[in-house]
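Peer 1: Could you have a look at this structure, given as structure tokens, before my questions?
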Amino acid sequence: MTATHVLDFPLPDVGEGLTEAEIVTWRVAVGDLVEINQPIVDIETAKAVVELPCPFSGRVSALLVAEGQVVPVGTPILSVEVSSPAEPLPHSESREAVLVGYGVAHGTTRRRRLTSRAAPRPSAPAPVVAGRPIAKPPVRLLARQLGIDLALVAPTGPHGDITRDDVQRAVTPLVEARPVRGERIPVRGVRRAMAEAMVRSMSTAPHVTEWLDVDVTGTVRLVDQMRDHAAFAGMKPTPLTVVAAAMIHAAKRTPIVNSSWIDLPDGSSEIEVYSHMNLGVAVASDRGLVVPNVRDAGSLSVSGLARALGELTQRARRGDLTPADSVEGTITVTNVGVFGVDGGTPILVPGEAVILATGRIVDRPWVSDGGLCVRPVMQLSLSFDHRIVDGAAGSTFLADVAAFLEAPPITLA
Amino acid sequence: MAETAIQLLTPEGTRVEHPDYPLEVSAEQLRTMYRDIAITRRMDVESTALQRTGELSLWCPTLGQEGVQVGAGHAMRPGDYGFTTYRESGIFHVRGVEADELLQLYRGNTHSSWDPQRVGLGLFTIVIGSHALHAVGYAMGIQRDGTDDAVLACFGDGATSTGDVHEAMVFAAAFSSPVVFLVQNNQWAISVPVERQSRVPIAQRALAYGMPGIRIDGNDVLAGLAVTRTLLDRAREGGGPALIEAITYRMGPHTTSDDPTRYRDESDYAHWDELDPLERLRRHLLLIGEADEVFFAAVEAECEELGEKVRGSIRGMPDPDPMLMFDAVYAEPHRDVEADRAQMGAYFTRLQESA
Ligand SMILES: Cc1ncc(C[n+]2csc(CCOP(=O)(O)OP(=O)(O)O)c2C)c(N)n1
Ligand SMILES: [Mg+2]
């Protein structure tokens, strides 16, 4: 009998830093004679299906792993009885590779003992970095699609960046772990834009709100006249038309209300007082609040205003507004009267200096010339950015609007 | 510019003359080149097997591209210098780097297993395209030395999309440096087909830099030899740089980590099989009666023997002393490297104590 040895073939790392593989198909059976480099088995790794050649020649004495099994790199998979003392295989430890094109998959790498000092991924989330959160564009897209605010996501990436997993984790507790207590309305599109605008506005502009009740007898009368007037044929003039004209008029005396606070890249700031007025009108659509604006409203006649406002509200109702309708507004009016209320503390459209809310028109007891009478009364609520507009300017503007509405200086020919 | 690739040897093994690239080649040279391609191929197979049995970290198969590599290797003069990629074992073999020497790098034992000065081949930069700049820098150095050496810069089709290659070409043309850019267009940059890299034949780009761009049949060892030699000589005589686009095909995976069935059709292979560089040279040698089955069998036996030798020497190779990695970072001692060396040394000591 000749002396024989049995040599085991440990599963090699056939990729760059793979940890395990599945034995797919054995091409040899126990008892078969095998040659060096003869294909013996197909294995499947995370990267590919590959054929393994036999490192020895001899007779197969055992297949140590069954087909379909997944085993770690280094596991003996095959025993071969060899007759000549072959060059023993050096102890096969998982080795890290030169990278030519494919990176080592993180988390699946079993590193060599000596390289295990590589800095571990922080298990506790790194502190949220101030300023714009760092995330790659596809991660930003994912966050947008999932409705996740990146500013609220704890980054764990190597550079303090937010990873795809971080975003997923931010969703999971919200959506998965919370018990269902009612309908869930996704915050997307117009609704999301509104929410973001409101948060941005409230967190940047110090708001001040002032109120004033106005006897709008003159306005109501003027609107009636307009409705019968040829110049307004086919239009539906409303008190809003007169309010718009009043704002244009009042802003001429207090131009600072039609302006914007601008932070410059060098850290300084400036106020830009506009020479034109794009008058925004807050409109409740079924998708949420939108604020389209009438371009260059300051240059329009009253009938021009009536037409423009009519068109805008009609398109808003039909859902025909485009995002372009809502950009570059400079001042805004919102008619909360349609909801049957008198006033409130309106929130500024981000970047604008004032917003005027008009309440319902309702008959109230009113003192005029020392006597009590009943008049149609409307409340005005004006919010302004106190960085730009001080109490004096805001009050002057509000009083001027009120005076205009009480006795509109408009005569219809 | 020639749209069709220059061919001096047809796939059937017949010689074709080209007016611009006359080639005198002896039967002895033809047999040498046959042997070079055969050995390169055999080493390629062995290297893949060694990787598959856990002896190498990685291998980048050359299969299919040996024609232009061996041709270009023979076109270089001993004093010429090559800057290559990781897929260039044909050139390495011709320049005298044996497989077991080259493979130490792929085993992860060293960053450079051959002596660049001895064989005139620079170290790989795994960063695609960056060595094109090194090549041009070297060529500009030759100009300053006033010698008549030339540089061969080898890279792939994918590398031509990098900024480094662009800059290299701009400088080479501007300084009329003695460098030939040899693009092995093997149709793929990992899984990205060449159509995605260029709207025009890559050779056509050369014109915009102000140098000739020549397409050759990359599976034709004679075209590789003649065109590379002519252009290297032109460059060394002050004619300036040139670009060769060698049309070939990567018959194997990108690396041993790659699975090409994920992105390309196996039916592509048949076409390129017909154009095989080894087979066509074999046909030619038979046609002109300068080799017989005895010769081919001898080459095959030699290949087998070499395969065994390489296998044995790689398997028996001990792991290197890890502290070696600090030795050749800079030519002279460097404070940071010394600090790293001390830290690593202390770590090993602790490790041994705790073992
Ligand atoms: C700068 C850079 N980008 C990407 C990679 C990853 N990578 C490694 S090989 C490769 C493809 C190279 O293709 P090509 O130049 O055609 O050479 P081939 O591999 O086909 O020989 C890529 C993208 C890299 N190593 N370096
Ligand atoms: Mg390529």
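The values are calculated or read from the model by the stated rules, or taken from the named source; none is laboratory data. Model, not experiment: these values are computed from the prediction. Heads up, the Cβs are rebuilt from the backbone with ideal geometry, glycines too, and the neighbour counts pull from every protein chain shown. Calculation scope for accessible area: heavy atoms of the full protein, side chains included, ligands and nucleic acids excluded. Shrake-Rupley method; radii C 1.70, N 1.55, O 1.52, S 1.80 Å.
Peer 1: Read through the list (1) touching a residue at least 24 places away in the same chain (Cβ under 8 Å); (2) under 16 Å from residue A:346 (Cα atoms), then give the number of the only condition that residue A:387 fails.
Peer 2: Of (1) touching a residue at least 24 places away in the same chain (Cβ under 8 Å); (2) under 16 Å from residue A:346 (Cα atoms), only one is false for residue A:387: (2).
Peer 1: Counting just the residues of the range A:18-47 that are touching a Cys at 6+ places or on another chain (Cβ under 6 Å) and surrounded by 19 or more Cβ atoms within 10 Å (Cβ to Cβ), which one comes out nearest to residue B:305 (Cα to Cα)?
Peer 2: So, considering only residues that are touching a Cys at 6+ places or on another chain (Cβ under 6 Å) and surrounded by 19 or more Cβ atoms within 10 Å (Cβ to Cβ), the one nearest to residue B:305 (Cα to Cα) is A:34.
Peer 1: May I ask you to list the residues in the range B:150-178 that are without any contact (Cβ under 8 Å) to a residue 40 or more places away in the chain, more than 16 Å from ligand 2 (Cβ to nearest atom) and either within 14 Å of another protein chain (Cβ to nearest Cβ) or assigned to a loop (DSSP other than H, G, I, E, B) (or both)?
Peer 2: B:175
Peer 1: Filter the range B:168-181 for residues that are open to solvent by less than 20 Å² (accessible area, probe 1.4 Å) and either β-branched (Val, Ile, Thr) or in contact with a Leu (Cβ under 9 Å, 6 or more places away or on another chain) (or both); which is farthest from ligand 1 (Cβ to nearest atom)?
Peer 2: Initially, the range B:168-181 is screened for residues open to solvent by less than 20 Å² (accessible area, probe 1.4 Å), giving B:168-169, B:172, B:177-181.
Going one step further and asking which of them are either β-branched (Val, Ile, Thr) or in contact with a Leu (Cβ under 9 Å, 6 or more places away or on another chain) (or both), we end up with B:168-169, B:178-181.
Numbers: B:168: 14, B:169: 15, B:178: 23, B:179: 18, B:180: 17, B:181: 12 Å.
Restricting to residues being open to solvent by less than 20 Å² (accessible area, probe 1.4 Å) and either β-branched (Val, Ile, Thr) or in contact with a Leu (Cβ under 9 Å, 6 or more places away or on another chain) (or both), the top hit is B:178.
Peer 1: Within the bounds of the range A:360-379, is there any residue that is in contact (Cβ under 8 Å) with a residue 24 or more places away in the chain, in a loop (DSSP other than H, G, I, E, B) and touching a helix residue (DSSP H, G or I) at 6+ places or on another chain (Cβ under 6 Å)?
Peer 2: no
Peer 1: Hey, any hits in the range B:182-199 for a residue that's within 16 Å of ligand 1 (Cβ to nearest atom), assigned to a helix (DSSP H, G or I) and touching a strand residue (DSSP E or B) at 6+ places or on another chain (Cβ under 7 Å)?
Peer 2: Looking through the range B:182-199, at least one residue is within 16 Å of ligand 1 (Cβ to nearest atom), assigned to a helix (DSSP H, G or I) and touching a strand residue (DSSP E or B) at 6+ places or on another chain (Cβ under 7 Å).
Peer 1: Using the structure shown, decide if residue B:214 is open to solvent by less than 50 Å² (accessible area, probe 1.4 Å), away from ligand 1 (no atom under 16 Å from the Cβ) and either farther than 18 Å from residue B:163 by Cα or assigned by TED's automatic domain parsing to the domain that holds residue B:64 (or both).
Peer 2: So residue B:214 passes the test.
Peer 1: Do the conditions hold for residue B:298, that is, is it over 27 Å from residue B:32 (Cα atoms) and not hydroxyl-bearing (Ser, Thr, Tyr)?
Peer 2: No: the conditions fail for residue B:298.
Peer 1: Checking residue B:190 against (1) in contact with a Gly (Cβ under 9 Å, 6 or more places away or on another chain); (2) at negative phi; (3) within 11 Å of ligand 2 (Cβ to nearest atom): exactly one of these is not met. Which one?
Peer 2: (2)
Peer 1: Cβ-Cβ distance below 7 Å, separation of 6 or more or different chains: which pairs start in the range B:81-102 with a residue that is within 14 Å of another protein chain (Cβ to nearest Cβ) and touching a residue at least 24 places away in the same chain (Cβ under 8 Å) and end on one that is of a type outside the set (Gly, Ala, Ser) and assigned to a strand (DSSP E or B)?
Peer 2: B:84/B:121; B:84/B:154; B:85/B:154; B:85/B:155; B:88/B:154
Peer 1: Taking the stated definitions as given, is residue B:252 within 16 Å of ligand 1 (Cβ to nearest atom), assigned to a helix (DSSP H, G or I) and within 22 Å of the chain's Cα centre (by Cα)?
Peer 2: no
Peer 1: Shifting gears a bit: Could you go through the range B:49-61 and let me know if any residue there is in the same structural domain as residue B:183 (by TED's automatic domain parsing), more than 16 Å from ligand 1 (Cβ to nearest atom), acidic (Asp, Glu) and surrounded by fewer than 20 Cβ atoms within 10 Å (Cβ to Cβ).
Peer 2: Among the residues of the range B:49-61, not one is in the same structural domain as residue B:183 (by TED's automatic domain parsing), more than 16 Å from ligand 1 (Cβ to nearest atom), acidic (Asp, Glu) and surrounded by fewer than 20 Cβ atoms within 10 Å (Cβ to Cβ), which makes the answer no.
Peer 1: From the list A:290, A:214, which residue is farther than 30 Å from residue A:187 by Cβ and among the β-branched types (Val, Ile, Thr)?
Peer 2: That would be A:214, the only listed residue that is farther than 30 Å from residue A:187 by Cβ and among the β-branched types (Val, Ile, Thr).
Peer 1: Being touching a Pro at 6+ places or on another chain (Cβ under 6 Å) and assigned to a helix (DSSP H, G or I) is true for just one of B:280, B:311. Which residue is that?
Peer 2: One residue alone meets the criteria, B:280.
Peer 1: Might you check whether a residue that is open to solvent by 40 Å² or more (accessible area, probe 1.4 Å) and over 19 Å from residue A:257 (Cβ atoms) occurs anywhere in the range A:345-361?
Peer 2: The answer is yes; a qualifying residue exists.
Peer 1: Still on this structure, please answer the following. From the set of residues in the range B:193-203 that are in contact (Cβ under 8 Å) with a residue 24 or more places away in the chain and more than 12 Å from ligand 2 (Cβ to nearest atom), which is surrounded by the most Cβ atoms within 10 Å (Cβ to Cβ)?
Peer 2: B:203
Peer 1: Further question on the same structure: If you check A:166, A:149, which single one turns out to be surrounded by 14 or more Cβ atoms within 10 Å (Cβ to Cβ), touching a residue at least 12 places away in the same chain (Cβ under 8 Å), over 24 Å from residue A:280 (Cα atoms) and of a type in the set (Asp, Glu)?
Peer 2: Going through A:166, A:149 in turn, the sole match is A:166.
Peer 1: Tell me which of these residue A:10 doesn't satisfy, since it passes every other one: (1) open to solvent by 10 Å² or more (accessible area, probe 1.4 Å); (2) of a type outside the set (Gly, Ala, Ser); (3) under 20 Å from residue B:259 (Cα atoms); (4) facing another protein chain (nearest Cβ under 10 Å).
Peer 2: (3)
Peer 1: Moving to a separate point now. Report whether or not residue B:165 is at pLDDT 95 or above, among the aliphatic types (A, V, I, L, M) and within 12 Å of ligand 1 (Cβ to nearest atom). Full working, then the answer.
Peer 2: Numbers: at pLDDT 95 or above: yes; among the aliphatic types (A, V, I, L, M): yes; within 12 Å of ligand 1 (Cβ to nearest atom): yes.
Criteria met by residue B:165.
Peer 1: Would you please name the residue that is farthest from ligand 2 (Cβ to nearest atom), looking only at residues in the range B:92-149 that are open to solvent by 20 Å² or more (accessible area, probe 1.4 Å) and of a type in the set (Lys, Arg)?
Peer 2: Filtering the range B:92-149 for residues that are open to solvent by 20 Å² or more (accessible area, probe 1.4 Å) and of a type in the set (Lys, Arg), the one farthest from ligand 2 (Cβ to nearest atom) comes out as B:144.
Peer 1: Another question, then. Suppose we keep only residues that are of a type in the set (Ser, Thr, Tyr) and part of a loop (DSSP other than H, G, I, E, B) within the range B:255-270. Which one would you say is farthest from ligand 1 (Cβ to nearest atom)?
Peer 2: This residue is B:267.
Peer 1: Would you mind stating whether residue B:274 is within 26 Å of residue B:17 (Cβ to Cβ) and open to solvent by 50 Å² or more (accessible area, probe 1.4 Å)? Let's see the steps before the verdict.
Peer 2: Values: within 26 Å of residue B:17 (Cβ to Cβ): yes; open to solvent by 50 Å² or more (accessible area, probe 1.4 Å): yes.
Answer is yes for this residue.
Peer 1: Residue by residue through the range B:309-354, note down the ones that are basic (Lys, Arg) and away from every other protein chain (no Cβ under 14 Å).
Peer 2: B:335, B:341
Peer 1: Among the numbered criteria (1) within 19 Å of the chain's Cα centre (by Cα); (2) open to solvent by less than 10 Å² (accessible area, probe 1.4 Å), which one does residue B:81 miss?
Peer 2: Unmet condition: (2).
Residue by residue, here is whether (1) surrounded by fewer than 19 Cβ atoms within 10 Å (Cβ to Cβ); (2) within 14 Å of chain A (Cβ to nearest Cβ); (3) touching a residue at least 24 places away in the same chain (Cβ under 8 Å); (4) away from ligand 2 (no atom under 16 Å from the Cβ) holds:
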site: B:236; (1), (2), (3), (4): no, no, yes, yes
site: B:241; (1), (2), (3), (4): no, no, yes, yes
site: B:246; (1), (2), (3), (4): no, no, yes, no
site: B:258; (1), (2), (3), (4): no, yes, yes, no
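Peer 1: Something else: Taking strands (runs of 3 or more DSSP E) that fall entirely within the range A:227-293, which contain at least 1 residues that are surrounded by fewer than 21 Cβ atoms within 10 Å (Cβ to Cβ) and in the same structural domain as residue A:385 (by TED's automatic domain parsing)?
Peer 2: In the range A:227-293, A:259-263, A:269-273, A:283-285, A:288-290 are the strands (runs of 3 or more DSSP E) which contain 1 or more residues that are surrounded by fewer than 21 Cβ atoms within 10 Å (Cβ to Cβ) and in the same structural domain as residue A:385 (by TED's automatic domain parsing).
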